[in-house]
Amino acid sequence: MAFSALVTGQGTHVTCNRKGPCSCEMSDGTGMVDFSDLGTEIWVNLTGASDGKRYYFHPCFSGLQLGSYCNADNNAAVCGESDDGNLYSFGAYDLSEFSVQSLPSESQELVLKMVLSGGSARRISIFEMTCLRDIPTLVRAGGSSDAGLTARFSITSPCICPNECSHYTPSESHSTYLSPGSILLIIFVVLVAFYAIVGIMYQYTVRGARGLEIIPNYSFWMDFPSLIMDGVRLIFCMQGLSKKSNYSAL
């Protein structure tokens, strides 16, 4: 990753060196900026001030599932509405770059810039992030520019301040969403385990079964392979009868 630097009046180069999708370390020793806590929330229907289009923001890891152009498959952290009405990715969470815009002083707070690249058709997002303590986090959409290929946002949050927030550290490849197939598989495994445990306890304690007979419905499971074979034979027999009837009709 390339990182921009701020050159102060004293000639000191201060950077914020990327440590993760939502964290960087200040090179002047003031500490770690870690706004990974913001990854527990999704900002929806952010309206761009200049274009009136809708934007969705889920920082730090991919949690947006908003159609074929903006989803976990392309690691989208920002989805934005285009002129055709579709939502497109405006940047991948794992391609974040940080730079220092201004250092804290008597008249200003620390301001960082985060750029998310890797969006659909080279779309990017630019965030101006300001350290403001003792206020709730606020995310604003500024709208798009560069023929709709650049979306601009502002974030004010205590978590932009060094060493203020460092509790939640997601993996860069982490996704909070399970596919429907995974959910069904988990439910199936839980039900099978519940059936086996309860059934074995009942067989052992109530019926006094021992050995293989403690398996619930032991006789059924012993006959299960032969029942499957009978079903397969029946299917083949029915297919054979169907072919014969077709020949008879001819």
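Figures for the structure shown
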{"read-out": "Pair-distance profile P(r), taking every C-alpha pair of segment 97-158, with 5 angstrom steps and integer %", "value": "4, 17, 24, 23, 16, 9, 5, 2, 0"}
{"read-out": "Under-5 Å amide H pairs with Leu132, H placed in peptide plane, nonlocal only", "value": "Ser157, Ile160, Cys161"}
{"read-out": "Equivalent ellipsoid dimensions for segment 17-61 as semi-axes, Å, which come from the Cα gyration tensor, largest first", "value": "28, 13, 7"}
{"read-out": "Which of Val115, Val190, Val232 is most accessible, then next, and so on - probe 1.4 Å", "value": "Val190, Val232, Val115"}
{"read-out": "Estimated FRET transfer efficiency (Val206, Ile186; beta-carbon r; R0 35 Å; 0.05)", "value": "0.75"}
{"read-out": "Cβ-Cβ FRET estimate between Ser27 and Glu128, R0 fixed at 22 Å, reported to 0.05", "value": "0.65"}
{"read-out": "Full-stretch length increase - Leu234, Asp94 - with 0.36 nm per residue and alpha-carbon distance subtracted", "value": "44.9 nm"}
{"read-out": "Solvent-accessible area of Glu213 with every protein chain in place, 1.4 Å probe, in Å² to the nearest 10", "value": "110 Å²"}
{"read-out": "Whole-percent pair-distance distribution, where bins are 5 Å wide, for the alpha carbons of segment 40-101", "value": "4, 20, 28, 22, 16, 7, 2, 0"}
{"read-out": "Loop sites in segment 121-152: trypsin sites (Lys or Arg not before Pro), DSSP, at most 15 other Cβ within 10 Å", "value": "Arg133"}
{"read-out": "Fraction of accessible area attributable to carbon and sulfur, segment 30-168 (%, probe 1.4 Å)", "value": "47 percent"}
{"read-out": "FRET efficiency estimate (nearest 0.05) - Cβ-Cβ, Glu106 to Ser50, R0 35 angstrom", "value": "0.65"}
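The values are calculated or read from the model by the stated rules, or taken from the named source; none is laboratory data. Note that the structure is a prediction, hence the values are computed from the model and not measured. With ideal geometry, Cβ positions are generated from the backbone for all residues, glycine too; neighbour counts draw on all protein chains shown. Note: accessible area is taken over every heavy atom of the protein model, side chains too, but ligands, DNA and RNA are not part of it. Shrake-Rupley method; radii C 1.70, N 1.55, O 1.52, S 1.80 Å.
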